[in-house]
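Here the structure comes first, spelled out in structure tokens, and everything after it is commentary.
The values are calculated or read from the model by the stated rules, or taken from the named source; none is laboratory data. None of the values given here were measured: they were computed from a predicted structure. Note: ideal-geometry Cβ built from the backbone for every residue, glycine included; neighbour counts use all protein chains shown.
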Amino acid sequence: MVRNYRRLPISWVGCKGWARQQLIELSTIFFPASCVACGQDIFKDQSQESRQAGNDIPLCETCRFEVTDLSPRCDCCGLPRPSDTSCPLCQKIAQQLGEEKILWQQIFVLGSYQDLLRESVLAGKRPAGEGLVEALSDLLIERHPAIRDLKLDAVVPVPMHWHKRWERGTNAANTMARKIASRLGVPYRCDIKQRIFTRPQKSLSAKMRPANAFAKFSGVGSQLTGKRVLVVDDVATTGATLSAITRCLLEINARVVYAAVLARTDEAMESEGNH
Ligand SMILES: [Zn+2]
Ligand SMILES: [Zn+2]
């Protein structure tokens, strides 16, 4: 005889939920989750509030603290700036990028490209680091809840030439875009292509980077016409690549473009002083 499970008493349903919760708690004791950055048991230093909030980002609190900005950062150029003042660097950065003004509407940055975040970004450029990139992408959204209010239509990664991707075996920007798109429940799209294999940006001076970056990318199709787009990359130095991608997206008639990176360097400022 088949028992009818559809009409279980509410107390039994509640009991099942409680038992499930106990099993999850037990599994964290016998099989503790490890921090993807340092390998430590996550729950060792995680607060009770954080556990109860059901936080599923596999990063311990020490690493979370180390990779995240504490000081304010300009949401236009992405560089650190004194709080409660207008940014003195935006116009200089735009000039350096060969534009009248910075093209993206707003940039979201997890932290400065140094110490643990730098090591994590470099580790994320290898296939074994994909989990780390995913965790940092989750943390980026957690630290910038405003991203959820942008009413985005698509998340687009900075593309990588197939040859480079084949050499590395992974593309951190792709991993990031997929994760962020899935968290936000919006499509992940690859409407920007890298046309040619040009010299790596890091081998060029800050002045040479905008032209080199713009020469190699192009937008394809009309699927992003009138859309609100978030372009993502693991690291921004001068911002030339992000600016080139933003320009391509605006040329294929994206309505507005936002940018998000895990790490931002202060190189744009420093190089200006050096040249
Ligand atoms: Zn850790
Ligand atoms: Zn600024």
Output the residues belonging to region 54-79 that are away from ligand 2 (no atom under 16 Å from the Cβ) and assigned to a loop (DSSP other than H, G, I, E, B).
G54, N55, D56, I57, P58, L59, C60, T68, L70
Per the filter on region 54-104, residues surrounded by 14 or more Cβ atoms within 10 Å (Cβ to Cβ), modelled with pLDDT of 85 or more and within 16 Å of ligand 1 (Cβ to nearest atom) are I57, P58, L59, C60, E61, T62, C63, R64, E66, V67, T68
Of the numbered conditions (1) surrounded by 15 or more Cβ atoms within 10 Å (Cβ to Cβ); (2) out of contact with any strand residue (DSSP E or B) (no Cβ under 6 Å at 6 or more places or on another chain), L110 satisfies every one except a single condition; which is it?
(2)
Reported set for region 76-130 where residues are among the charged types (D, E, K, R) and over 17 Å from L59 (Cα atoms) is R81, D84, K92, E99, E100, K101, K125, R126
Among helices (runs of 4 or more DSSP H) completely within region 87-152, the ones holding 2 or more residues that are under 13 Å from the mean Cα position of the chain (by Cα) are 115-123, 130-143
From (1) surrounded by 13 or more Cβ atoms within 10 Å (Cβ to Cβ); (2) in the same structural domain as E167 (by TED's automatic domain parsing); (3) at pLDDT below 90, pick out the condition that doesn't hold for D45.
(2)
